[in-house]
Amino acid sequence: MREPNLDRLNDLMGKLVGDLGAAMAGASILLGDRLGLYKAMGDGEPVTSSELAKKTGLNERYIREWLSAQAASGYVDYHSEKNAFSLSPEQAMAFANESSPTFFAGAFDIVQASYLDEPKVAEAFRTGKGVGWHDHSKCLFSGTERFFRPGYNANLVSSWIPALDGVEEKLKAGAKVADVGCGHGSSTIIMAQAYPNSEFFGYDYHLPSIERARALAQEAGVSDRITFAQATAKDYPAKNYDLVAFFDCLHDMGDPVGAGKHVKETLAKDGAWMIVEPFAHDNLKDNLNPVGRVYYTASTFICTPASMSQEVALALGAQAGERRLRQVVTEAGFTRFRRATDTPFNMILEARP
């Protein structure tokens, strides 16, 4: 048996204690989000467990324990002189305000899906087969929409579309846009709200997501200029689109090259393909950081199994990187490719025939 370095072992145990606390805290975030506890504290006023119980109609003893766990995690502030708890403005943005660009609570629906679906992924490890997007727990679908929507709200209209060559002007004047792999349609709805003269088409192979997208578009008052339909990335209808957008989905596809070839066939002569992908460097060593940790883990449970369940099963993974994505786009027949802009979480790529 090899002898461990005790200092390194102690460092590892300390890290694992922190990670264990974070993993347990994830479930407490789900609880606070779903029970409306964060929203009830959103005004920032200090509340005792009894006061919060009255505001929410929930049991005081459970709330007291939950608040203590939140304070230990640094997710709420504790005021010892009053034995009360509050949300700072920053904490409220992360947990209570769904329209905030830094709203984060929705991400933990994805975490829950990873735990629930771990047996399916373990079996895929054994067999080499995949786990289709539709085979995951329902919380993955809502969690994905709630996790990505804040970033789209913050960046899509303000910086991503303006970074594309001439696209914003077309959308303002009136263009035809396809949002492929649209899920619950948050990206489609945001664009439709910003560009009322344009016509939008949202496509996803997952019918329950399409039905949810239709309902959300109706609630947002933009259903008159969005058509949601069930279709795959390789068979959605060709309509000479001025813009085809893939938001955080190309790497999930079994045949991204085939999808790209279909995009090329469906674009107008001077149309653009916008590919939004998780931020990644080209080399593994440069992705060994907190963002890479999130994306590699999500890719293990969700993205890679999704691709492995489909034809070709290229399995790009969520950290494919710009160089590998360029290869895919070039193989699909596009001659121009560039990174238009990026954020700490996303790369925005533009391809032209």
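The values are calculated or read from the model by the stated rules, or taken from the named source; none is laboratory data. No experiment lies behind these values; they were computed from the predicted model shown. Every residue, glycine among them, receives a Cβ derived from its backbone with ideal geometry; neighbour counts consider all protein chains shown. Each accessible area value is taken on the protein alone, full model and side chains, heavy atoms only, with ligands, DNA and RNA left out. Shrake-Rupley method; radii C 1.70, N 1.55, O 1.52, S 1.80 Å.
Summary table
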item: Cα-projected label distance for GLU45 with ASP165, points at 7 Å along beta-carbon direction, nm; result: 5.6 nm
item: Ordering of 139-145, 128-134, 118-124 by packing [mean C-beta count within 10 Å, highest first]; result: 139-145, 128-134, 118-124
item: Coarse-grained scattering of segment 253-297 at q = 0.15 Å⁻¹, given as base-10 log I(q)/I(0) from a Debye sum over alpha-carbon atoms; result: -0.59
item: For the chain, built as a Gaussian network whose Cα springs stay under 10 Å, the top-fluctuating residue of LEU16, LEU171, LEU243; result: LEU16
item: 25 Å Cα-Cα reach of LYS82 towards lysines, excluding residues that sit fewer than 8 places from it in its own chain; result: LYS39, LYS54, LYS55
item: Apportionment of accessible area to carbon and sulfur, segment 1-124, percent (1.4 Å); result: 59 percent
item: Tensor-based shape of segment 145-279 (alpha-carbon gyration tensor, a/c under 1.5 rounded, otherwise prolate or oblate); result: rounded
item: Formal net charge of residues neighbouring MET41 (Cβ-Cβ distance under 11 Å; K, R +1; D, E -1); result: -2
item: Pairwise Cα inverse-distance average, inverted: Kirkwood Rh of segment 217-308 (Å); result: 15.4 Å
item: Three-way shape label, segment 147-188, alpha-carbon gyration tensor, a/c 1.5; result: oblate
item: Under-5 Å amide H pairs with PHE85, H placed in peptide plane, nonlocal only; result: VAL47, THR48, HIS79
item: The chain - convex hull of alpha carbons, volume per residue in Å³; result: 164 Å³
item: Stokes-Einstein diffusion coefficient of segment 46-158, Kirkwood radius over Cα pairs, 10 °C, 1.306 mPa s, in µm²/s; result: 96 µm²/s
item: Of LYS138/LYS234; LYS234/LYS269; LYS170/LYS269; LYS170/LYS264, pairs whose Cα-Cα distance is over 22 Å; result: LYS138/LYS234
item: Candidate aspartates and glutamates - alpha carbon under 15 Å from LYS239, same-chain residues fewer than 8 apart omitted; result: ASP179, GLU199, GLU265, ASP270
item: Among ALA280, ALA94, ALA22, residue whose mean-square fluctuation peaks in a GNM of the chain (springs only between Cα atoms under 10 Å); result: ALA22
item: Within a Gaussian network of the chain (alpha carbon springs, distance under 10 Å), most fluctuating of LYS39, LYS82, LYS172; result: LYS82
item: Relative contact order of segment 135-271, pairs being alpha-carbon contacts under 8 Å that are 6 or more residues apart, as %; result: 24 percent
item: Unit charges on C-beta of K, R, D, E only; dipole of the chain, Debye; result: 440 debye
item: Per residue, in Å², the accessible surface of the chain once ligands and nucleic acids are set aside, probe 1.4 Å; result: 48 Å²
item: Segment LYS82-LEU31, extension gain: residue separation times 0.36 nm, minus the distance between their alpha carbons; result: 15.9 nm
item: Estimated distance in nm for a label pair at ALA215 and ALA122, the labels positioned 7 Å out from Cα along Cα-to-Cβ; result: 3.3 nm
item: Contact order normalised by residue count of the chain, Cα under 8 Å, 6+ apart, percent; result: 13 percent
item: Fraction of accessible area attributable to carbon and sulfur, segment 239-285 (%, probe 1.4 Å); result: 46 percent
